[in-house]
Amino acid sequence: MSNEVTPETYYGPSFAALVDSDPQVAELLVSELDRQRAGLQLIASENQTSPAVLAALGSTLSNKYAEGYPDKRYYGGCSEVDKVEKLAIERAKALFGADHANVQPHSGASANQAVYGAFAAPGDTIMGMSLDHGGHLTHGFKVSFSGKWFNAVHYGVDPETEDIDYDQVRDLALEHRPKLIIAGGSAIPRLIDFAAFREIADEAGAVFWVDAAHFIGLVAGQAIPSPVPHADVVSFTTHKVLRGPRGGAIVCKAEHAAKVDRAVFPMMQGGPLMHGVAAKAVNFAECATPAYQEYARQVIANARSLAAGLGERDIRPITGGTDTHLSLHDLRGVGVTGADAELRCEAAGIVLNKNAIPFDPEKPNIASGIRVGTPSLTTQGMGTDDMTVVADLIHRAVTTTDGDPDHAGARAIRAEVTDLLASHPAYPHP
Ligand SMILES: *Cc1c(COP(=O)(O)O)cnc(C)c1O
């Protein structure tokens, strides 16, 4: 085998092969790329990963069975994937200053299953943030395994500040004595006070778990404080702000390492997705660079600019703004529901999601709010001035058009979206 690595040395499944063998799927991959390029991507949990990460994902590592962990596999032929997984683990530990890392979880939800598996048993009490105040399905919501198998207690936000009510967290923790206390969620615009959670968990005798799925990229980029020194265990996704492949990971204190590893495999998963593990290694190295740190700071600056721009247009940011990559907005000031706003924006080429706001009078499938995030637009090189333009486009789409893409109002906004994207394209052609 050649030691010199050039593009020609790698015999991988190239796109040309797909075009030949399955033009139908090839065409869909191209039309999805076109879709990603053609709209303003404001979904807070999405990003645009690098060509290097995509190359690792499209590799022959997908062929390899590697149940177990490096040097302790249940299959032969693992010499190369062992090196890959060790690299990913070492890079994750260095990036997050963690004692231990498990890079095998297939997704954020799989990582969370493993944390439950490591620290709790069915019937135990667990405590997390309620979904309608910004938590996640896997934090004990009733349709999820976590709500079915555990006795879930939920805290929420203070109605005045709209930020986490730490007095309520403490009261509930002391009353219910949960095995696990979870901090983190999918629609929390503000920084979380990890030290306060740690203190409450100690007082209640609970394991302190941070689900950092959304904001771990900002931690990796050193743009916000890290939960790692405070928490017993931190689970996260690798595909949100972090900008890696779709997947999950867990870091934890040394004392929990063996428990966490056994919970990922063999308790919750079978063979790891080694192409994904390789892509995680690539991503962790990318995140350790000054360029990524600059990116993480810009994501927050852009989110603040966008939140303020929408606020000035009567689309009020919950908590008054954001410290992170996302903001949550109350649409009642402009008299539009979240569901209508999502539809109208999509017609204008603006991709975002409706979202319940705390104490929302509407049903979740209607909702009074929208959630917007800046990871993708920042990857495309947009800055704070662009966010003012984006705020204006969102406001006009939400208030002046119906959900018909052929509606004159939607068409006009779409033309401006196309103009803005022309100077900041996603995946620019080389
Ligand atoms: C996205 C998310 C998850 C789930 O990640 P998946 O990869 O979609 O399974 C878990 N927890 C939180 C807080 C999230 O935001």
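The values are calculated or read from the model by the stated rules, or taken from the named source; none is laboratory data. None of these values were measured; they are calculated from a predicted model. Virtual Cβ from ideal backbone geometry, glycine too; neighbours counted across all protein chains shown.
A few points about this structure:
- Within segment 138-168, if we keep just the residues that are within 14 Å of residue 126 (Cβ to Cβ) and either in contact (Cβ under 8 Å) with a residue 60 or more places away in the chain or among the charged types (D, E, K, R) (or both), the residue that is nearest to the ligand (Cβ to nearest atom) turns out to be 138.
- For residue 285, the stated conditions hold: it is of a type outside the set (Asp, Glu) and farther than 18 Å from residue 213 by Cα.
- Considering 41, 48, the condition of being in contact with a Leu (Cβ under 8 Å, 6 or more places away or on another chain) and touching a residue at least 12 places away in the same chain (Cβ under 8 Å) is satisfied by 41 alone.
- Among the residues of segment 192-238, those identified as touching a Pro at 6+ places or on another chain (Cβ under 8 Å) and either without any contact (Cβ under 8 Å) to a residue 60 or more places away in the chain or over 17 Å from residue 177 (Cα atoms) (or both) are 192, 194, 204, 210, 212, 217, 219, 234, 235, 238.
- Output for segment 277-330, where each listed residue is within 18 Å of the chain's Cα centre (by Cα), part of a helix (DSSP H, G or I) and of a type in the set (Val, Ile, Thr): 277, 282, 299, 300
- Restricting attention to segment 169-195 and to residues that are under 21 Å from residue 360 (Cα atoms) and either in the same structural domain as residue 330 (by TED's automatic domain parsing) or of a type in the set (A, V, I, L, M) (or both), the residue that is farthest from the ligand (Cβ to nearest atom) turns out to be 169.
- Whenever a residue of segment 239-251 is away from the ligand (no atom under 11 Å from the Cβ), its partners that are hydroxyl-bearing (Ser, Thr, Tyr) and assigned to a strand (DSSP E or B), lying with C-beta atoms within less than 7 angstrom and at least six residues away or across chains, give the pairs 250/235.
- Scan of segment 95-127 for residues that are in contact with a Phe, Trp or Tyr (Cβ under 8 Å, 6 or more places away or on another chain) and in contact (Cβ under 8 Å) with a residue 60 or more places away in the chain, ordered by number: 95, 104, 108, 111, 113, 115, 116, 119, 120, 127
- Residue match in segment 171-184 (condition: small (Gly, Ala, Ser), part of a loop (DSSP other than H, G, I, E, B), within 24 Å of the chain's Cα centre (by Cα) and crowded, with 24+ Cβ neighbours inside 10 Å): yes
- Sole residue being more than 30 Å from residue 288 (Cα to Cα), more than 16 Å from the ligand (Cβ to nearest atom), surrounded by fewer than 17 Cβ atoms within 10 Å (Cβ to Cβ) and among the small types (Gly, Ala, Ser), chosen from 55, 26, 94: 26
- When the residues of segment 204-219 are filtered to those that are in a helix (DSSP H, G or I) and farther than 14 Å from residue 230 by Cα, the one that is farthest from the ligand (Cβ to nearest atom) is 204.
- Residue in segment 228-238 that is surrounded by the fewest Cβ atoms within 10 Å (Cβ to Cβ), counting only those that are away from the ligand (no atom under 11 Å from the Cβ) and part of a strand (DSSP E or B): 233
- The set of residues from segment 249-276 being farther than 16 Å from residue 218 by Cα, of a type in the set (Gly, Ala, Ser) and not in a helix (DSSP H, G or I) comprises 270, 271.
- Residue 282 assigned by TED's automatic domain parsing to the domain that holds residue 111 and among the hydrophobic types (A, V, I, L, M, F, W, C): yes
- Residue list for segment 31-54, restricted to those being closer than 16 Å to residue 429 by Cα and either of a type in the set (D, E, K, R) or touching a helix residue (DSSP H, G or I) at 6+ places or on another chain (Cβ under 9 Å) (or both): 32, 34, 35, 36, 37, 38, 48, 49, 50, 52, 54
- Residues satisfying the stated conditions in segment 331-365, i.e. in a loop (DSSP other than H, G, I, E, B), surrounded by fewer than 22 Cβ atoms within 10 Å (Cβ to Cβ) and of a type outside the set (Phe, Trp, Tyr): 335, 336, 337, 358, 360, 361, 362, 363, 364, 365
- The condition (being closer than 21 Å to residue 214 by Cα, polar (S, T, N, Q), in a helix (DSSP H, G or I) and in contact (Cβ under 8 Å) with a residue 12 or more places away in the chain) is satisfied by just one residue among 388, 378: 378.
- Check on residue 135, within 16 Å of the ligand (Cβ to nearest atom), in a loop (DSSP other than H, G, I, E, B), in the same structural domain as residue 234 (by TED's automatic domain parsing) and more than 20 Å from residue 268 (Cα to Cα): yes
- Condition met for residue 128 (assigned to a strand (DSSP E or B), within 16 Å of the ligand (Cβ to nearest atom), assigned by TED's automatic domain parsing to the domain that holds residue 283 and surrounded by 19 or more Cβ atoms within 10 Å (Cβ to Cβ)): yes
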